[in-house]
Each structure stands twice: as C-alpha cells, then as structure tokens.
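For reference, the structure is listed below as structure tokens.
The values are calculated or read from the model by the stated rules, or taken from the named source; none is laboratory data. Model, not experiment: these values are computed from the prediction. Cβ coordinates were reconstructed from backbone atoms using ideal geometry, including for glycine residues, and neighbour counts include every protein chain displayed.
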Amino acid sequence: MLRGLWKLTWLEMKIFLREPLGAIGTIVIPVLVFLVGGRLVGRGLPASSLAANSFVHVGLPVLASVLIAVSAVLSLVTIISIYREGGILKRLRATPLRPQTILAAHVIVKLILTAATLALLVLAGKRYYPVDVHAPLFSFTIALLISTWSILSIGFLIASIVPTARFAQPIGAFILYPMIGVSGLFVPVASLPPVLRGLARVVPLTYAVSLLEGIWKGEEWSAHMIDVAALVLVFVVCTVLSTKVFRWE
Amino acid sequence: MPPIIQVSGVRKSYGATVAVHEVSFEVNEGEIFGLIGPNGAGKTTTMECIEGLRTRDGGSISVLGLDPFKDVYKLQDRIGVQLQQAQLQKRIKVWEAVDLWVSLYQKKAIDGERLLEQLGLADKRGAWFMNLSGGQKQRLFIALALINDPEVVFLDELTTGLDPQSRRAIWDLVRDIRERGRTVFLTTHLMEEAERLCDRVAIIEHGRIIDIDRPENLVNRHCPERTVVLATDNPIAEERFRAVRGVEKVIRTDLQFTILGRGDDLVTAVIHCLSEHGIRVTDFRTILPNLEDVFLKLTGHSIRE
C-alpha cells in the first residue's frame, strides 16, 4: 500500500511548486491578507476599540487560516479534475500503485502546504504584527489540520462530481467561499438572520471556525468536542460518498 | 505451452450500448498479437478489461494465469501498459517519471537511464512532459511500459497521430520487444501497421471478433484474387492470356492488359505463358490484396468509414 507513496508525494510537491501560480496562490496570498489586514485594522481603529481588538486578536488569524485551508482544497479539486480529464489518473492507475496511494499523496501535499503557510504566517506575524500573539500554536496547528482534513473531504466530493476541469475551480469556490460568509467569522452565528443561522448550523466551516477561534483564544479542547465531532462526521460522510461516486476518467 | 492471455466470452456494456459482445481469443508467448478494427469497434474496451483497468460484465479472462480483476496488483507488477491518449503531469520531468515508475515495481530488471538512451530520450531527461513532442511523449510512454521488463506489453493505438518517420522508429522498438522473447498485445486501426508488425491479428467490429489468423492467411482465405497488369503489342497475347489456368477475366485497354484471376499460382502461370509464347512486354506489375481488402470484404465497408 505504501509503495511509491513518499516518492509520489515528493514528486507532486515539486510539480505543484513549478506551477506559475501554485506557490503564490496557496502561500503568499493568505500571508499578505493577514499582514495587510492586520496593519489596516490596527491603524484605522484606536487600539482600545473592543471590536478591532477582537478582530485583530482572533478573527484575523482564523480568517487567514481558513483561507489557507480553502485555497488548498480548491487547488486539490482543480488538480484532481485536471488529472482526470488529461488521463493522468488513469495512467497512474495502470501501475501497481493503489488508488488510495495516488489520492493520499495529494492530500499529504496539501496538508504540508497548509502547515508550511501557517508557520510562515506565524513568523511574519511575530515580525510585523502590531500586537503580540500569545496563542497555543501547537494546539492551533492540530485544530487547523483537523479542519483542513474535513474541508479536504468536501473538496474530494466536489472533485468526484464536477465533470470537467474548467468548472472545478469556479464550482469549488462557489460552494466554499459562501461557507466562510456564514461561518461566524465576520458576524457571530447568533446574530445572523434565522435562515442563515440554520444554514450556518449545517455548514462544516462553522464548526471549523468555532474550533479554531476557541483554541486560538486558549480554550480547552474539551469545550470543543462537538466541533471536532462535527468535522469528523463531515469527513466520514464525504469520504464514503466520494468513494461511491468518484470517477477515474 | 499454455497461452499467455486467454479471453473467453467476454462481454461489456455501457448502459444500453454493448461495447464488447462475447469476445474470445488467445495470445501465445512471444508473438505480436494485434486487435484491429475501426474506431469504436471495442478494441480499447477489450484491452482495458484484459489489463484490469475495467471490469467485464461477463466471460473469463486469464493473463499469465491471473484474473485481471481479482489479482490486478499482482498482474500490474508483471505487465507493461501504454494507454491511448494518456498524459502525465505537465511539469513532471522525464527522469522523474522514469524514477517514479522504477520505484513502483518489485522487480527492477531494467536500468531506466539506459532505457531512455535506447529510446532516444537521453538528452530530454530534464525536460518537462508538456514540452515534449508527440513522438517523444509516445516514446516516454513506451519506456514506462517497459520499465519493469514486463512479460506482456499492451500497446493501445501507439502510433496514432505520429508522422511516418516516428511511426517506423516505433515499429522497430516493438519488434525489439519480441526479439527479447516478450509478448506484445496491440490495437490499431492502421492496417499497414498490423500487416508489418503482427504475427497474428483478430479483426473486431461492433464488439465482435470476425476472424483471427496470420495476416497473410487472412488475405489468402478472404481475398484470393490476384491481378497482373502488363503491356504488350503482341496481337496473339489476349487469346493466350485467356487460356492461362486460374485466369477469370482479361480487360484490354489499348496496349495494356489487366489479367484478373485467383490463387497464389496466378502470377507464376502468367509469367510462364509469356516466356512460352515469347511475348515481349514493356510493363509488368502485380496488384495483391492486403488486410485493408480483407476488412472491406468482411464488413462491407472500409476501415476508415
């Protein structure tokens, strides 16, 4: 099962970084959003403003992290559909490689990139960010990996259903970005209109945001078991569905 | 010796469309076997069922004694596959692809670098896949199909879209595979390719095998017609030609005669007649049927239609 996994993962990583927009889209843009956002909000509002403080302290890091995860997932969706359309998946399958190995390699690449971007973000924040960051980084990384893993499974489901590479990126974006809107990042879920509140409850990103914000603020894992359970449930459901509907060509 | 590939009564449908209908044949060790037919005849579907890439709806298949559905990974380890219209990652380098493929197989019998050299890709080893020409991509796919020194090599439409020069180079490569004692199973819709490469061919149309044999046997069996075209000003010639054994028809246009008949002996008989009667000719050629004609006769249409 593991034969070829590390070689394929390493290879896919190199290939991804050779893409003209690969590294910029997934790594540079989220870090820029984080930095520019922090500067603007930090300067525009008096430091004592509660709203500004809360956004800079908690909202922004979480927004940047969610953006990293979502862009990683979108790039996975695109890659899978391009590979399918070009017959690359089929060519890889006509070897002793297990199908799971091929897909696992892509997921690992995305997880590594997510972790790397996060590390970069923390470094950049330490150097340029207006306020000190005292967040449990290790726990936060774990929380982000769980969230990414869960969002990745949604991505896989999208990649399984979307027929052509042309539509993969826009459809993925159309599904994932509105999820950010209702996830509680910008407006707390409790103050959303009833319809949107209902939507927020079934959107997996809401649980990811709740988990990430909580852990960032230093809350205990035990306070977020429901979030973790929801994310795991999403992962299981999407993975099972994908294996049923996934097409190799 | 048991056949390397045994296919018996294989069926495959896509929805209401029957792609392969009760197909049976055998491929022997060390031969180049060709599945020939027009596009959409069921060649690729049949081949992919044998490779384990597709599940069959019915019938049985055995490759190297393995069931390609149940033992797909064991089988993949021992065969080499070149797919029709396959691609690799755009920005994968030639050597990286070879290196990856080498790592996937348990048996490491072939030196990847030497293989690239043999296939004329050594100076392209650092090039990205997307920057290779059609012929170079095809040679890389052949390299990947040969990397595990497979016992059977599957080649699906391997020269489609290539210029005549690359095509000939690739034919030589395929013959080399046979020289090394390996078995080759290929599909093509190019009758010339089948005639020049294959030891035996199976003609497939609408998912059914119509006939299987050596190309020359198929021609003899289905198209025994022979034609001799010659030119002479000898006034008694026409009468003599009509008397030759096997001749069915003599068409005269001015000084040119077209002699139609059947059987392998026709040409010899005509030459004999010429020398016996001292008939002086200024032109002499023969028109022999080929697989193209066999296909036309068996299906009622040309393979390109």
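Here are some notes:
- Enumeration of residues in the stretch B:98-113 that are within 9 Å of another protein chain (Cβ to nearest Cβ) and either in contact with a Gly (Cβ under 9 Å, 6 or more places away or on another chain) or assigned to a helix (DSSP H, G or I) (or both): B:Asp99, B:Leu100, B:Trp101, B:Ser103, B:Leu104
- Put simply, of B:Leu35, B:Leu88, B:Leu64 the only residue that is buried (at least 21 other Cβ atoms within 10 Å of the Cβ) and more than 18 Å from the chain's Cα centre (by Cα) is B:Leu88.
- Count - residues of the stretch B:6-30 that are under 20 Å from B:Ile210 (Cα atoms) and surrounded by fewer than 18 Cβ atoms within 10 Å (Cβ to Cβ): 12
- In the stretch B:125-135, the count of residues that are closer than 27 Å to B:Ile50 by Cβ and within 14 Å of chain A (Cβ to nearest Cβ) is one or more.
- Residue match in the stretch A:84-95 (condition: in contact with a Gly (Cβ under 9 Å, 6 or more places away or on another chain), over 22 Å from A:Ala165 (Cβ atoms), at pLDDT 75 or above and of a type in the set (Ser, Thr, Tyr)): yes
- Of all the residues in the stretch A:184-200, those that are touching a helix residue (DSSP H, G or I) at 6+ places or on another chain (Cβ under 7 Å) and touching a residue at least 24 places away in the same chain (Cβ under 8 Å) number 2.
- Which numbered condition B:Lys74 fails, given (1) farther than 22 Å from B:Val174 by Cβ; (2) within 9 Å of another protein chain (Cβ to nearest Cβ); (3) within 25 Å of the chain's Cα centre (by Cα): (3)
- Residue in the stretch A:168-184 that is modelled with pLDDT under 85, surrounded by fewer than 21 Cβ atoms within 10 Å (Cβ to Cβ) and not in a helix (DSSP H, G or I) present: no
- Qualifying residues in the stretch B:84-97 (those that are out of contact with any strand residue (DSSP E or B) (no Cβ under 9 Å at 6 or more places or on another chain) and assigned to a helix (DSSP H, G or I)) - the one farthest from the other protein chains (Cβ to nearest Cβ): B:Trp95
One line per residue, one yes/no per condition, for (1) farther than 25 Å from B:Ile5 by Cα; (2) out of contact with any helix residue (DSSP H, G or I) (no Cβ under 6 Å at 6 or more places or on another chain):
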{"site": "B:Asn148", "(1), (2)": "no, yes"}
{"site": "B:Arg168", "(1), (2)": "yes, yes"}
{"site": "B:Leu218", "(1), (2)": "no, no"}
{"site": "B:Thr232", "(1), (2)": "yes, yes"}
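- Matching entry among B:Gln138, B:Gln118 (being surrounded by fewer than 19 Cβ atoms within 10 Å (Cβ to Cβ), assigned by TED's automatic domain parsing to the domain that holds B:Val27 and of a type outside the set (Phe, Trp, Tyr)): B:Gln118
To keep it simple, each residue is scored yes or no on (1) at pLDDT 75 or above; (2) under 18 Å from A:Ile151 (Cβ atoms); (3) within 14 Å of another protein chain (Cβ to nearest Cβ); (4) surrounded by 17 or more Cβ atoms within 10 Å (Cβ to Cβ).
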{"residue": "A:Thr9", "(1), (2), (3), (4)": "yes, no, yes, yes"}
{"residue": "A:Phe34", "(1), (2), (3), (4)": "no, no, no, yes"}
{"residue": "A:Arg43", "(1), (2), (3), (4)": "no, no, no, no"}
{"residue": "A:Leu50", "(1), (2), (3), (4)": "no, no, no, no"}
{"residue": "A:Ser54", "(1), (2), (3), (4)": "no, no, no, no"}
{"residue": "A:Leu63", "(1), (2), (3), (4)": "yes, yes, no, yes"}
{"residue": "A:Ala69", "(1), (2), (3), (4)": "yes, yes, no, yes"}
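- Scan of the stretch A:5-25 for residues that are among the hydrophobic types (A, V, I, L, M, F, W, C) and part of a helix (DSSP H, G or I), ordered by number: A:Leu5, A:Trp6, A:Leu8, A:Trp10, A:Leu11, A:Met13, A:Ile15, A:Phe16, A:Leu17, A:Ala23, A:Ile24
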